[in-house]
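**Student:** To start, I am sharing the structure in question, which I have written as structure tokens.
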2 protein chains.
Amino acid sequence: MRIAIDVMGSDQGPQSIIHGAAKAALHHDNLELLLFGPSRQIVAELSRLPQPLAAATSRLVVCDSHDSVAQDATAAWALRHGQDSSMAQMLRCVAGNGSHGSADAGVSAGNTSALVALSRRELGTLPGISRPAISTAIPTRNGRRCYLLDLGANVDSPARRLVDFAVMGAAMAQSVDAIEQPRLALLNVGAEATKGSRSVREANTFLRRYPAHALFDYQGYAEGGDLFRGNLDVVVCDGFVGNAVLKSSEGLASMLIERVQAVFESRLSGRLASLLARPALKRLKNELDPVRYNGASLLGLSRIVVKSHGGAHAEGFYYAIVRAIQEVEHDLPQQLVQRWQTLP
Amino acid sequence: MRIAIDVMGSDQGPQSIIHGAAKAALHHDNLELLLFGPSRQIVAELSRLPQPLAAATSRLVVCDSHDSVAQDATAAWALRHGQDSSMAQMLRCVAGNGSHGSADAGVSAGNTSALVALSRRELGTLPGISRPAISTAIPTRNGRRCYLLDLGANVDSPARRLVDFAVMGAAMAQSVDAIEQPRLALLNVGAEATKGSRSVREANTFLRRYPAHALFDYQGYAEGGDLFRGNLDVVVCDGFVGNAVLKSSEGLASMLIERVQAVFESRLSGRLASLLARPALKRLKNELDPVRYNGASLLGLSRIVVKSHGGAHAEGFYYAIVRAIQEVEHDLPQQLVQRWQTLP
């Protein structure tokens, strides 16, 4: 298996990306990783890899690429000026159009808008899908995870696009996570059929009539609080709403952990605090930081692309690669196409 | 000051409402509270009030009302069948149209959709406002609070309605919280001007051109994560988004506190846990549970109405009454009207 990596665009710099990639190669025997970025910098980082990561160097291929997409670049800028960026070259490799052979999937921690726009141009979407959607698995109360989509690739989504998200999210839960009949809901402001925006009500009507051939188990409307309850596998919403929910959840979780930490450190002695509170809170922080520790999938493209959190450290980037590996193993785009053909 | 209270509709039953009301009367000398609900039940609760709450009984007036609005009733049901409910009678009292004289404000822990619909009918909206908005103050990193609106009274809000929310939120922060020039932002999926839904982009254009006469300090777009940062006083969004953000935040905060509790209880002995972890976490939970401990204001009505959380205990309901008192003291509807007149 070959996976193309965009080394640029992370808030943590190329080092964390390269460490994450080396860890993935170390843990997956038949994996080759193509690293797109300034070759001199990559080579320097590779030469400094500590043991045991250094053992993976032979399966990390340097693919020189000088340009990069800035974190604050717009999608329009990326489409116009980003053709030689590490991100675009990584994607061309995934499309099989680059000078480094083809890759089975691509991973980037760079600018999301640029990644969506360039992926769409370089890879194209699956038949019947106009734009990719972004999805990630959020942690829930009982330890199960719930896929939320879209997370910002689409705003003002009409009903039909919400239905597309439902089919894609369910296909992902079914094929990658082996959930036979994913429990799926539409995010709304209340449980009654008369509530909500027009597109959500129309999508609800469509999903209720959807043929019951075991693609998903439609549960109707969910409210924001239901996301973390653990009794739903897929929750569908417009990208504006999903983005606001995900980012506010990240902000709240990080504020909460900080506050808990402050409360305990003010009450426990320094030594007791470091023994008891800090490790427990650190673990919790990792568990609860969804995108940073999972990666987000771009769904509906002809090939597999995973977006790692811009603030991800090596460990977070490693998980984004693992996510890409899982999607390759289950041939996710093919699974999506098959399910599409069952749509009325 | 007289405040009308809907005793029905709380998940905790009338007792918590009556205890919260008694506490408010005890702490505010010139306050009279009119309790709308089944008189027999209210009288029984009043006779059982413990000290020191019982001392307030003389300023709690029983206003008999047999019907009530169920928590799962629709707005349409409430408008058609709810005219004799405790909620509608409480609102008529606020309008000065009831048989118990008039009240300066109303508070209910009941069904939000019904409260919005009945308030609109019984009280009417201010000139130029078609529908009320719901707002609450959410806790932030530095201990300051940030008003978020709308929280679900309006979905599919056009640009002009978002601008109305901005003016109302700023007026509230300015008059009730004495923030001279509230820092205000529009919630969006990114900071760039080209991003976001059409209505948000149009509202941004309008707010940027808004005359700089010190009503608010427009900061442009904010993302979900900025809500908790403490550098914004008012964040404006469509009700669908605000509702999803608020409810998911509530769900996440309660999941997080549970997890932290579980982690500490598994690591500390029972005695140590109850000494150290439980009180600290309880305090944190209260601080972070926005609506439950603040109440949410219905803005844009001709009179003051505060919605307490359906799950609020006596303490939470007490704070909702305190919120109503503050809004009466600052004559919030009049403040809104004045600011409206400055709008181009």
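**Student:** Residues of B:8-21, mean number of Cβ from any other protein chain within 10 Å of their own Cβ, rounded to a whole number? Provide the component values of the computation, followed by the final result.
**Tutor:** Details: counts 0, 0, 0, 0, 0, 0, 0, 0, 0, 0, 0, 0, 0, 0.
Across B:8-21, the average partner-chain Cβ count within 10 Å equals 0.
**Student:** How many nanometers, to one decimal and shortest first, lie between the label point of A:Thr205 and those of its other copies, if labels sit 7 Å from Cα toward Cβ?
**Tutor:** Once sorted, the set of distances for A:Thr205 reads 3.1 nm.
**Student:** Averaged across A:101-113, how many Cβ atoms of other chains sit within 10 Å of each residue's Cβ atom? Kindly include the intermediate steps, with their values, before the conclusion.
**Tutor:** Details: counts 0, 0, 0, 0, 0, 0, 0, 0, 0, 0, 1, 2, 5.
Counting other chains' Cβ atoms within 10 Å and averaging over A:101-113 gives 1.
**Student:** Right, something else. Take the alpha carbon atoms of the range B:58-93, find their center, do the same for the range A:199-257, and report the distance between the two centers in whole angstrom.
**Tutor:** Cα centres, the range B:58-93 to the range A:199-257: 33 Å.
**Student:** Evaluate the Kirkwood expression for the hydrodynamic radius of the range B:92-166, namely the inverse of the mean inverse distance over all pairs of different C-alpha atoms, and round to one decimal in Å.
**Tutor:** Details: mean 1/r = 0.0699 Å⁻¹.
Over the range B:92-166, the inverse of the mean reciprocal pair distance is 14.3 Å.
**Student:** Quick check: Cα centre of the range A:1-45 to Cα centre of the range B:7-33, how many Å?
**Tutor:** Between the Cα centres of the range A:1-45 and the range B:7-33 lies a distance of 61 Å.
**Student:** Follow-up question, since we're still on this one. Sort out for me the Cα centre separation of the range B:110-171 from the range A:314-344, rounded to whole Å.
**Tutor:** Rounded to whole Å, the Cα centres lie 41 Å apart.
**Student:** Cut-off is 10 Å between beta-carbons; in what order do A:Asp67, B:Asp238, B:Asp72 appear when sorted fewest neighbours first? Numbers along the way, then the final one.
**Tutor:** Working: A:Asp67 16, B:Asp238 27, B:Asp72 11.
Placing the least packed residue first, the sequence is B:Asp72, A:Asp67, B:Asp238.
**Student:** Using only the alpha carbons of the range B:178-221, what is the convex hull's orientation-averaged projected area in square nanometres?
**Tutor:** On the way: hull surface 12.5 nm².
Computing the convex hull of the Cα atoms and averaging its projections yields 3.1 nm².
**Student:** Check A:Tyr210: other-chain or 5+ apart residues with amide H under 5 Å from its amide H, H built from backbone geometry?
**Tutor:** Distant-sequence amide H within range of A:Tyr210: zero hits.
**Student:** A further question on this structure: If you put +1 on each Lys and Arg Cβ and -1 on each Asp and Glu Cβ, how big is the dipole of the protein assembly as shown around its Cα centre, in Debye rounded to 20?
**Tutor:** On the way: 70 positive and 64 negative charges, 90 e Å.
For the protein assembly as shown, the charge dipole is close to 440 debye.
**Student:** Which value, to two decimals, describes the C-alpha radius of gyration of the protein assembly as shown once divided by 2.2 N^0.38 Å?
**Tutor:** Numbers: Rg = 27.0 Å, N = 688, 2.2 N^0.38 = 26.3 Å.
For the protein assembly as shown, the normalised Cα radius of gyration is 1.02.
**Student:** Determine the percent antiparallel among the DSSP beta bridges restricted to chain B, to the nearest 5. List each step's numbers first, then the result.
**Tutor:** Details: 12 of 41 bridges.
Around 30 percent of the beta bridges assigned by DSSP in chain B are antiparallel ones.
**Student:** Ok, one more. In what order do B:Glu315, A:Glu122 fall by count of nearby beta-carbon atoms within 10 Å, going from fewest to most? Could the numbers behind the result be given before it?
**Tutor:** Values: B:Glu315 14, A:Glu122 24.
Ranking B:Glu315, A:Glu122 by Cβ neighbours within 10 Å, fewest first, gives B:Glu315, A:Glu122.
**Student:** On to the next question. For peptide A:149-158, what's the mean number of Cβ atoms from other chains within 10 Å of each residue's Cβ? Show your work: numbers first, answer last.
**Tutor:** Details: counts 0, 0, 1, 7, 1, 1, 9, 6, 1, 0.
The shielding value for this peptide is 3.
**Student:** If the viscosity is 1.306 mPa s and the temperature 10 °C, what translational diffusion coefficient in µm²/s does Stokes-Einstein give for the range A:85-209 when Rh comes from Kirkwood over Cα pairs? If you can, show how the numbers build up before the last one.
**Tutor:** On the way: Rh = 16.5 Å.
Result for D is 96 µm²/s.
**Student:** Give me the orientation-averaged projected area of the Cα convex hull of the range A:1-127, in nm², one decimal. Present the calculation step by step, with values, prior to reporting the outcome.
**Tutor:** On the way: hull surface 30.1 nm².
Quarter of the Cα hull surface area: 7.5 nm².
**Student:** Shortest first, in nm, what separates the label point of A:Arg121 from those of the same position in the other copies (7 Å along Cα→Cβ)?
**Tutor:** Copy-to-copy label distances at A:Arg121, shortest first: 5.6 nm.
**Student:** Neighbouring Cβ atoms within 10 Å as the yardstick, rank B:Lys285, B:Lys307 fewest first. Write out the running numbers ahead of the final one.
**Tutor:** Values: B:Lys285 19, B:Lys307 29.
The most exposed by this proxy come first: B:Lys285, B:Lys307.
**Student:** Mind checking Rg over Rh on chain A, alpha carbons, Kirkwood formula for Rh? Provide the component values of the computation, followed by the final result.
**Tutor:** Details: Rg = 20.5 Å, Rh = 20.7 Å.
The Rg/Rh ratio comes out at 0.99.
**Student:** Run through the other copies and list how far each one's label point is from that of B:Ser47, in nm with one decimal, shortest first; the point sits 7 Å from Cα along Cα-Cβ.
**Tutor:** Values, ascending and in nm: 9.1.
**Student:** Taking H as built 1.01 Å from N, whose amide H comes closer than 5 Å to the amide H of A:Gly110, not counting residues under 5 places away?
**Tutor:** Hits under the 5 Å cutoff: A:Ser308.
**Student:** Hey, another quick one. Normalised by the number of residues in the range B:90-228, what is the relative contact order in percent for Cα pairs under 8 Å and 6+ residues apart? Don't skip to the end; give the middle numbers.
**Tutor:** Numbers: 172 pairs, mean separation 25.6, N = 139.
Relative contact order of the range B:90-228: 18 percent.
**Student:** Taking the Cα centre as origin and putting +1 on Lys and Arg beta-carbons and -1 on Asp and Glu beta-carbons, what dipole magnitude results for the range A:1-116, to the nearest 20 debye? Working shown, then result.
**Tutor:** On the way: 7 positive and 10 negative charges, 27 e Å.
So the magnitude is around 140 debye.
**Student:** Then there is this: Give, in whole angstrom and from largest to smallest, the semi-axes √(5λ) of the equivalent ellipsoid of the range B:5-74, with λ running over the eigenvalues of the Cα gyration tensor.
**Tutor:** Numbers: eigenvalues 91, 26, 25 Å².
Sorted largest first and rounded, they come to 21, 12, 11 Å.
**Student:** List the residues, sorted by chain then number, that are 5 or more residues from B:Glu32 or on another chain and whose placed amide H is less than 5 Å from its amide H.
**Tutor:** Placed amide hydrogens put B:Arg2, B:Ile3 under 5 Å from B:Glu32.
**Student:** Starting at the first residue of the range A:97-103, write each ³J(HN,Hα) from the Karplus equation 6.51 cos²θ - 1.76 cosθ + 1.60 with θ = phi - 60°, in whole Hz, x for Gly and Pro.
**Tutor:** Each residue's phi maps through the Karplus curve to give 10, x, 8, 10, x, 9, 10 Hz.
**Student:** Return the calculated 222 nm mean residue ellipticity for the protein assembly as shown, to the nearest 500 deg cm²/dmol, obtained by summing -39500 (n - 2.57) across DSSP H runs with n ≥ 4 and dividing by the residue count. Mind showing how you got there, number by number?
**Tutor:** On the way: 24 runs with 306 residues, N = 688.
So the calculated ellipticity at 222 nm is -14000 deg cm²/dmol.
**Student:** Report the label-to-label distance for B:Leu26 and A:Glu329 in nanometres (one decimal), using points 7 Å from each Cα along the Cα→Cβ vector.
**Tutor:** 6.1
Throughout, read-outs are computed from the coordinates displayed, never taken from laboratory work. Source: prediction; values computed, not measured. Backbone-built Cβ (ideal geometry, glycine too); neighbour counts: all protein chains shown.
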